[in-house]
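These notes are about the structure you will find just below.
The values are calculated or read from the model by the stated rules, or taken from the named source; none is laboratory data. The shown structure was predicted, so the numbers you read here are calculated from the model rather than taken from an experiment. A quick note on method: Cβ atoms are made from the backbone with ideal geometry, for glycine too, and the neighbour counts reach across all protein chains shown. Heads up: the accessible areas ignore ligands, DNA and RNA and are worked out on the full protein's heavy atoms, side chains in. Shrake-Rupley method; radii C 1.70, N 1.55, O 1.52, S 1.80 Å.
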Amino acid sequence: MKHTARTVVRTGAVVASTALVLSACGGETEPTGSADGEELTPVTLQLQWVAQAQFAGYYAAVDQGFYEEEGLDVTIQEAGTDTVPIDVLAAGEADYAISWVPKVLGSIEQGTEVTNVAQVFERSGTLQVAMADSGIEGPEDLAGKNVGSWGYGNEWELFAGMQQAGLDTSEDITLVQQAFDMNGFLAGDIDAAQAMTYNEYAQVLETVNPDTGELYQPEDLTVIDWNEVGTAMLQDAIWADATRLADDEAYAETTVDFIKASLKGWVYARDDAEAAADIVTAAGSTLGTSHQLWQTNETNKLIWPSTSGVGTINADQWDQTVDIAMNTQNETGSTIITTEPPETAYSNEYVEEALAELTEEGVDVMGEDFAPIEVTLTEGGA
């Protein structure tokens, strides 16, 4: 029988509910009951954006009852434009948060005590996209070009790639403040635009090419993939409160349970991308059907196959992210951090326990046979 744990989607401010009551320090909660009368531990997860398939695994874990199986009643909180997930976590207004590693490293250096307990995305989803006839094939070709960047902590792979290629990023390019869309690129104002594989890149492929009257095709574009360049940084991870991990045994145990169920949700999304996309849509996502499925499929590519077990923080990838964070300057001359992060910045202790339990239950945590599906985009992503 399928169990369904309740999910509450929030945007922006945190709102208490009858199923979740958090103290100001994030410590005390009121237990809730499952359908069979067992008490569930209330847990709130803070996303870094609105409901979309970038977070399909968490929505699937709710829908399929994986959290409830681990004794958890999970509330998923969406983010607003001004939400900083790690600040919500640090303020005790969430038990866990999803955020990119480089964005959190700066907060840790400023004194925020959080720990990466599961690195869900093993690969970077950030691209720099150009037209095929632009002559842009790699970061060295960005010299003399109008280069789009979102900023707000999304620029570091781009700047690292350009600087690795020998460009003086203060003189050799024209940096364009890019909106979180591809309009400037499609209008010709940006030669190479920032895009996520699972979102903005698809937005271009959902647009009619005025030269052909048909949708843009991948061959109409060239992409710079920072995974291939060697300046990829770790992105979506599950973050926990470091102080609570050290001082609260129940929270540490809940962390293992939460990771286990979340990873099981990602396995579900891997094995049935269409169903996972439908789950996110039902949870309130406003993305079109083809765009949602594209996003699920592309997100799966960032996770699977896993080299060390899904959610494991690989030391070499962590070290590369830290190295770029310390040694790459953006257009202001700033770096993300100035010193190495503390040992508490990440831990494989909890994910390894979760993976051991999943493996014992026969769950495939490696996904060695993963193959992405074919997704046909439609105009506007409908």
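Collect the residues in region 122-136 that are within 26 Å of the chain's Cα centre (by Cα) and part of a loop (DSSP other than H, G, I, E, B), keeping them in residue-number order.
GLU122, ARG123, SER124, GLY125
Does any residue of region 210-227 turn out to be under 25 Å from VAL101 (Cβ atoms) and exposed (fewer than 14 other Cβ atoms within 10 Å of the Cβ)?
For region 210-227, residues under 25 Å from VAL101 (Cβ atoms) and exposed (fewer than 14 other Cβ atoms within 10 Å of the Cβ): absent.
Would you confirm, using the coordinates I've provided, whether GLN203 is among the polar types (S, T, N, Q), farther than 30 Å from ASP95 by Cβ, outside the structural domain of ILE373 (by TED's automatic domain parsing) and open to solvent by 20 Å² or more (accessible area, probe 1.4 Å)?
Judged against the criteria, GLN203 is a match.
Among residues belonging to region 176-195 that are of a type in the set (A, V, I, L, M) and in contact with a helix residue (DSSP H, G or I) (Cβ under 8 Å, 6 or more places away or on another chain), point out the one that is most open to solvent (accessible area, probe 1.4 Å).
LEU186
Filter region 257-272 down to the residues that are assigned to a helix (DSSP H, G or I) and charged (D, E, K, R), then identify the one that is nearest to TYR59 (Cα to Cα).
By that ranking, first place goes to LYS264.
Checking the structure you have, find out if any residue of region 231-242 is part of a helix (DSSP H, G or I), touching a residue at least 12 places away in the same chain (Cβ under 8 Å) and within 22 Å of THR41 (Cβ to Cβ).
Checking region 231-242: at least one residue is part of a helix (DSSP H, G or I), touching a residue at least 12 places away in the same chain (Cβ under 8 Å) and within 22 Å of THR41 (Cβ to Cβ).
Determine whether region 166-174 contains at least one residue that is in contact with a strand residue (DSSP E or B) (Cβ under 7 Å, 6 or more places away or on another chain) and part of a strand (DSSP E or B).
Within region 166-174, one or more residues are in contact with a strand residue (DSSP E or B) (Cβ under 7 Å, 6 or more places away or on another chain) and part of a strand (DSSP E or B).
Taking region 302-330, which residues are in contact with a Phe, Trp or Tyr (Cβ under 8 Å, 6 or more places away or on another chain), surrounded by fewer than 22 Cβ atoms within 10 Å (Cβ to Cβ) and not hydrophobic (A, V, I, L, M, F, W, C)?
Residues satisfying the conditions are PRO305, GLN329, ASN330.
Mind checking whether some residue in region 87-98 is open to solvent by 20 Å² or more (accessible area, probe 1.4 Å), at pLDDT 95 or above and touching a helix residue (DSSP H, G or I) at 6+ places or on another chain (Cβ under 7 Å)?
no
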